[in-house]
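The values are calculated or read from the model by the stated rules, or taken from the named source; none is laboratory data. Note that this is a predicted model, so its numbers are computed, not measured. Heads up, the Cβs are rebuilt from the backbone with ideal geometry, glycines too, and the neighbour counts pull from every protein chain shown.
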Amino acid sequence: MSNPSLLILPGDGIGPEVMAEVKRVIDWFGDKRGLAFDVSEDLVGGAAYDAHGTPLTDETMAKAQEVDAVLLGAVGGPKYDNLDFSVKPERGLLRLRKEMDLFSNLRPAQCFDALADFSSLKREVVAGLDIVIVRELTSGIYFGEPRGIIKEGNERVGINTQRYTESEIDRVARSAFELARKRGNKVCSMEKANVMESGILWREVVQKVHDEDYPDVELSHMYADAGAMQLCRWPKQFDVIVTDNLFGDLLSDAAAMLTGSLGMLPSASLGAPMANGRPKALYEPVHGSAPDIAGQGKANPIACILSFAMALRYSFDQGDEAKRIETAVEKVLADGLRTADLIGEEGVEPVSTRQMGDAILAALDA
Ligand code: GGG
């Protein structure tokens, strides 16, 4: 039988640096656990634009559709700020998500005990925190039509449209309820039904899916602004949060600070099952390309390494091997290793991206 296939897209900024550490972890699984992958690598985002004049070539898109899972680093950077919108680096990532139909983006926010004092909130608020934000990823205001910048009289108008069909809400709600059944059995759905029609429909459909097929799961609804406040006040009240594309992006960045740093948050973007039963899937850290620290060996590779752990769990049914990575990360943090983003107190010297990778490999070996 052939090895499972992985397409690696390091992207821009710190993407290649953090992905270099993930590649070493992938090799470790081949060497030490007999879990080898057929790995291919390609360009996305600004790197693809520089080479081909487009942030994602049709060839790379076709490869992404064929492999068992895609691992992506990060896209974007100031170098590309003045490009036409249609070829901006982010368009490459959005095309991957849309054409692979990766509608359910799981963003776990877990606070490792060693970082509980470093979080932006008090230890008792975040210690033991383990929640997942399920962000709808292929629709909403990111993709709705009409969109654009038009001229109206003497001024320009920027337009984006929040749009959700019932079936789009239905399928992401189901993915959240299924996930909740494997965890704390609780879903909180967040929208703005007080001011947006799409929010009214969102709330109705989530409630209907619940009542018809998941009555055993505890369901609550919150306006997304109140949800943001509750997330900062007492995040442990949540188990699974399901929300739309834009709110999910904002709420998960806020949740990242509960865990200590945006450099800690992995993600899995999942679609419908393929012929082999595995979901279409793309794994990437929640963080972006961090151009201010790119190329300096300062980036935290943990979010990207934990994204590979999610790939082991969700694409390859290797939950125990995923746990092996999570335990190794827990150990290096408990040993006191900190990349620059995790340094608060004076007197603690940060380790480099490579040193953090070395320590995680050593912990895997132990
Ligand atoms: N690794 C995530 C990344 O590179 N994000 C940049 C980006 O394109 N973000 C768009 C979004 O998710 O809203």
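Any chance region 197-217 includes a residue that's surrounded by 13 or more Cβ atoms within 10 Å (Cβ to Cβ) and closer than 30 Å to Gly260 by Cβ? Yes; the residues of region 197-217 include at least one that is surrounded by 13 or more Cβ atoms within 10 Å (Cβ to Cβ) and closer than 30 Å to Gly260 by Cβ. Residue under question is Ser289, and the condition is that it be within 13 Å of the ligand (Cβ to nearest atom) and assigned to a loop (DSSP other than H, G, I, E, B); does it hold? For Ser289, the condition - within 13 Å of the ligand (Cβ to nearest atom) and assigned to a loop (DSSP other than H, G, I, E, B) - is met.
With the structure loaded, tell me whether Pro301 is away from the ligand (no atom under 16 Å from the Cβ) and more than 13 Å from the chain's Cα centre (by Cα) or whether it fails that test. Here the answer is no, as Pro301 does not meet what is asked.
Summed over region 33-58, the residues that are part of a helix (DSSP H, G or I), surrounded by fewer than 16 Cβ atoms within 10 Å (Cβ to Cβ) and in contact (Cβ under 8 Å) with a residue 12 or more places away in the chain give a count of 1.
Of the residues making up region 81-94, those that are in a helix (DSSP H, G or I) and away from the ligand (no atom under 11 Å from the Cβ) are Phe85, Ser86, Val87.
Looking only at residues of region 32-69 that are touching a Phe, Trp or Tyr at 6+ places or on another chain (Cβ under 7 Å) and within 19 Å of Gly15 (Cα to Cα), we find that the one that is farthest from the ligand (Cβ to nearest atom) is Ala69. Go through region 1-23 and report how many residues are crowded, with 17+ Cβ neighbours inside 10 Å, away from the ligand (no atom under 16 Å from the Cβ) and not in a strand (DSSP E or B). Looking only at that region, the number is 2.
Filtering Glu326, Glu284, Glu330 for residues that are in contact with a strand residue (DSSP E or B) (Cβ under 9 Å, 6 or more places away or on another chain) and over 27 Å from Met100 (Cα atoms) leaves a single hit, Glu326.
Please find, among Glu168, Glu152, Glu178, the residue that is closer than 30 Å to Cys111 by Cβ, assigned by TED's automatic domain parsing to the domain that holds Ser220 and out of contact with any helix residue (DSSP H, G or I) (no Cβ under 7 Å at 6 or more places or on another chain).
Numbers: Glu168 fails: closer than 30 Å to Cys111 by Cβ; Glu152 fails: closer than 30 Å to Cys111 by Cβ.
Exactly one residue qualifies, and that residue is Glu178.
Say we look at region 259-280 and pick out the residues that are crowded, with 24+ Cβ neighbours inside 10 Å and over 8 Å from the mean Cα position of the chain (by Cα); which of these is modelled with the lowest pLDDT? That would be Gly260. Within region 99-126, being touching a helix residue (DSSP H, G or I) at 6+ places or on another chain (Cβ under 9 Å) and more than 23 Å from Gly336 (Cα to Cα) holds for Glu99, Met100, Leu102, Phe103, Ser104, Asn105, Leu106, Arg107.
When region 144-172 is examined, which residues are found to be in a loop (DSSP other than H, G, I, E, B) and in contact with a strand residue (DSSP E or B) (Cβ under 9 Å, 6 or more places away or on another chain)?
Listed by number, the residues that qualify are Gln162, Arg163, Tyr164.
Within region 52-88, how many residues are of a type in the set (Ser, Thr, Tyr) and touching a strand residue (DSSP E or B) at 6+ places or on another chain (Cβ under 7 Å)? Selection size over region 52-88: 0.
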